[in-house]
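Any read-out appearing in this document is the output of simple, stated calculations on the displayed coordinates, not a laboratory observation. Note that the structure is a prediction, hence the values are computed from the model and not measured. Cβ sites come from the backbone with ideal geometry, for glycine too, and all protein chains shown count toward neighbours.
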């Protein structure tokens, strides 16, 4: 494995940096306060192909590898973690299709998203979070159709998507082995969107309930075979965790950038606080966490590219980077002190944004279970 | 529509620093970018191509590293790119530059439109575009803020301080565009990747049918004697009152207070 980024990866990082500085930075704080969805800027990101990073070129996607995707997602996350979350959630929704779908299904998903639209992965339910096996949404086979019924919650892009990838049970007597994965278009009769969450952080992203009431889909919308759903969902999460971790690293880097600038400018007792060892130690610890999270994240992504087992590494990356984002952003608030705590300055937002990275796509407690499970096999 | 876009790679700063000893620009550590107005010129050409077909060829005169700027243009919709580069061209003023670029354009071949930005943010002369038009003997419109393609010519809007002129132009022609003409697009991941695969041809003095005495520093009609930063002046004071008469009195008081006139 090469530890250095390629010329292409650096060029793409520069491209996203330019986009982030010009389009996201000027509006992020305002949209965060209002909790609004900057659809025009999302559309620009779609035109750049940022929402279909790993989707194969053959189907119109950007076709970059997993390591490159983490580089792009880190840079996006640096500018706004909510924006990065909504953009990369399209990629998350695409993963079940890429893992288990036929070429026709891949083409269908591409037709619904590549031109510039959102998609959402629907796994979580009010009573099925960490225990994904408790999914109650049903898919009943009737003739050559499936009929879906159930309610999904905390769905990123739930209210704005053209298409959903949905985990539902086709045989509730079999537990996780009865779960199956489906493609469901937003405009199918019976698909509706519930309330939008008023979130603590990542407020530029859209999070809602998605409700299925007697939604009829053709049997050709089943991804893989009946009973494959749990496995598809777990592989999906394994593959997406490096991207979630990358976004956490972006938060860390944003926090560090603010702190380094502030520490050089802010004077107390007649000299910049950057000259104080207490501040230097904090900055160094922030850098240690961030660099370690960054390198491990890219390592986990390189396992995806090498088609090696990735469950443990992906869990470590997601967990370590998520915890790092929380710690580093909290320390950033401490370094900026009163200004850090003020909503007029951007670092308190980083702290609010960071928290979800210890929660979604498997809580960091679940990640530890995954890691220990792999160790004790 | 066959378009040629002339671009310049410039230092990324609106506040160029000057070495007080040598009176030259300090370029060390300043990243290079495509002159922002040239990006508008490229976007205008690409938009015309998207509607009317044809190709967009981008051209720059500069050192070998200017190829990066051309590469970026390729990712923003240009189809072909040429780097005009030779030691003989270095130190050229606007006259020698436009002479060389005009020769390069003749070599590239047939065109309907040449696009330039209204000026470069480093030299701010706004001369190279118009001079190219003169050397090629084609009509030119500067400060273009809108382009409309008609049956056998084009109609453009030329920005003025207090409105705009509508001008019809025969093709081929040269247009120098202003910022308000469009918002340049971002490259996409795919266009970035594709741009890497395009071969960029270098045009040297040997490739051109030109008089070598008119190139570079030696061929320049003007020489820069000194570059300096103007002294910063403090901004003026605006007197704004509801009533004009009161404002005039206030102004009068201030004039007296500051002894503008000896009385």
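At a glance:
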{"read-out": "Relative contact order of chain A, pairs being alpha-carbon contacts under 8 Å that are 6 or more residues apart, as %", "value": "17 percent"}
{"read-out": "Percentage of interatomic Cα-Cα distances in the range B:1-119 larger than 17 Å", "value": "57 percent"}
{"read-out": "Inter-site label distance for residue B:207 and residue A:65 at 7 Å from Cα along Cβ, in nm", "value": "3.4 nm"}
{"read-out": "Anisotropy class of the range B:140-212 from Cα gyration tensor, a/c 1.5 cut", "value": "oblate"}
{"read-out": "More than 13 angstrom apart: percent of Cα pairs within the range A:310-377", "value": "63 percent"}
{"read-out": "In degrees, nearest ten, helix A:66-79 long axis to first principal axis of chain A (Cα)", "value": "60 degrees"}
{"read-out": "Rounded to 5, the percent of DSSP beta bridges in chain A classed as antiparallel", "value": "85 percent"}
{"read-out": "Label-point separation in nm, residue B:225 to residue A:130, each point 7 Å along Cα→Cβ", "value": "8.0 nm"}
{"read-out": "Kirkwood hydrodynamic radius (C-alpha pairs) into Stokes-Einstein, the range A:243-377, 25 °C and 0.890 mPa s, D in µm²/s", "value": "158 µm²/s"}
{"read-out": "Relative contact order (%) - the range A:82-151, alpha-carbon pairs under 8 angstrom, separation at least six", "value": "23 percent"}
{"read-out": "Of all DSSP beta bridges in the range B:7-149, antiparallel share, percent nearest 5", "value": "45 percent"}
{"read-out": "Sorted by Cβ neighbour density within 10 Å, fewest at the top, the residues A:200, A:326", "value": "A:200, A:326"}
{"read-out": "Label point at residue A:173 placed 7 Å out along Cα→Cβ; residues across the range A:128-144 whose backbone nitrogen lies under 19 Å", "value": "A:134-143"}
{"read-out": "Bridge type composition, chain B - antiparallel percent by DSSP, nearest 5", "value": "40 percent"}
{"read-out": "Gyration tensor over alpha-carbon atoms, chain A, equivalent ellipsoid semi-axes in Å", "value": "36, 21, 20"}
{"read-out": "Acute angle (nearest 10 degrees) that the helix A:103-113 long axis makes with the longest principal axis of chain A, alpha-carbon atoms", "value": "50 degrees"}
{"read-out": "For q = 0.22 Å⁻¹, Debye-computed log10 I/I(0) when each Cα of the range B:119-168 counts as one equal scatterer", "value": "-0.93"}
{"read-out": "Label-point gap, in nm, between residue A:149 and residue A:189 - each point 7 angstrom along Cα→Cβ", "value": "1.7 nm"}
{"read-out": "Structure-based [θ]222 nm, chain A - -39500 (n - 2.57) summed over DSSP H runs of at least 4, per residue, nearest 500", "value": "-17500 deg cm²/dmol"}
{"read-out": "Cα long-axis angle, helix A:364-375 against chain A (0 to 90 degrees, to the nearest 10)", "value": "70 degrees"}
{"read-out": "For the protein assembly as shown: span of alpha carbons on each principal axis (Å, largest first)", "value": "93, 66, 58"}
{"read-out": "Relative contact order (%) - criterion: Cα under 8 Å, at least six apart; region: chain B", "value": "23 percent"}
{"read-out": "q = 0.10, 0.12, 0.16 Å⁻¹, chain B: log10 I(q)/I(0) [Debye, one scatterer per Cα]", "value": "-0.58, -0.77, -1.20"}
